[in-house]
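What follows is a single structure, written as structure tokens, with notes after it.
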Amino acid sequence: MGIGPSTKETTLHHFRDPLLDVVASDEDIDLLGVIIVGTPDDNEEKMLVGTRAAVMAECMRADGAILSSDGWGNSDVDFANTCEQLGIRGIPVTGLKFSGVNGGFVVQNNYLSGIKDTNKSEEGIETCVVGENNITELDARKVTAMLKLKMRQHERKDV
């Protein structure tokens, strides 16, 4: 299963990434960096990249993380694993991902509650309109607000 036109993020979208713009301009959040991780085919490598990304965030002493993916189906495995690895390390996580009519992931764990579906089509399916299901500023604001809430809840548990 590949990435189609409506979930494909164009180069222009990457240069004007609403998620990065929202997080970078939010005065309550200290943006530490952006980690870019590929989607390997092999399951063992899928587990490795998610674990490495979480270890990097842990080493940076991140108080929270927002994941974003322009893939679906097979890429759910490494996305969900990364969420789980962050959660195991006590790092609150939210994210943005296309799910559509499927309404969920092909795998499940206890750390996927903060993931927002980026589907914009009425039918809940991938379409032939380039970028239709890309992340918008509103998506970015919602997931950032969810992260701030999760970080506050996590902070209260530690006190």
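Quick notes
- Top-ranked residue of the range 120-159 - restricted to ones that are of a type in the set (A, V, I, L, M, F, W, C) and under 16 Å from G71 (Cβ atoms), ranked as surrounded by the most Cβ atoms within 10 Å (Cβ to Cβ): I135
- Positions within the range 22-60 being of a type in the set (D, E, K, R) and within 20 Å of G114 (Cβ to Cβ), in sequence order: D26, D28, D30, E58
- When every residue of the range 1-10 is checked against the conditions, none turns out to be under 12 Å from the mean Cα position of the chain (by Cα) and either at pLDDT 95 or above or at negative phi (or both).
- Residue within the range 29-43 that is of a type in the set (A, V, I, L, M) and crowded, with 21+ Cβ neighbours inside 10 Å present: no
- Subset tally (residues that are in a loop (DSSP other than H, G, I, E, B) and surrounded by fewer than 17 Cβ atoms within 10 Å (Cβ to Cβ)) for the range 100-119: 8
- Every condition in (1) modelled with pLDDT of 85 or more; (2) within 10 Å of the chain's Cα centre (by Cα); (3) not aliphatic (A, V, I, L, M) is met by D70 except one, and the failing one is (1).
- Residue selected from the range 89-114 under the condition within 19 Å of R152 (Cα to Cα) and without any contact (Cβ under 8 Å) to a residue 40 or more places away in the chain, by the criterion farthest from the chain's Cα centre (by Cα): R89
- Qualifying residues in the range 1-28 (those that are surrounded by 12 or more Cβ atoms within 10 Å (Cβ to Cβ) and polar (S, T, N, Q)) - the one farthest from A80 (Cα to Cα): T10
- Residue check for G90: at pLDDT below 95 and surrounded by fewer than 17 Cβ atoms within 10 Å (Cβ to Cβ): no
The values are calculated or read from the model by the stated rules, or taken from the named source; none is laboratory data. Keep in mind that what you see is a predicted model, and the values were worked out from it rather than measured. Ideal geometry is used to build each Cβ from the backbone, glycine not excepted, and the neighbour counts take in all protein chains shown.
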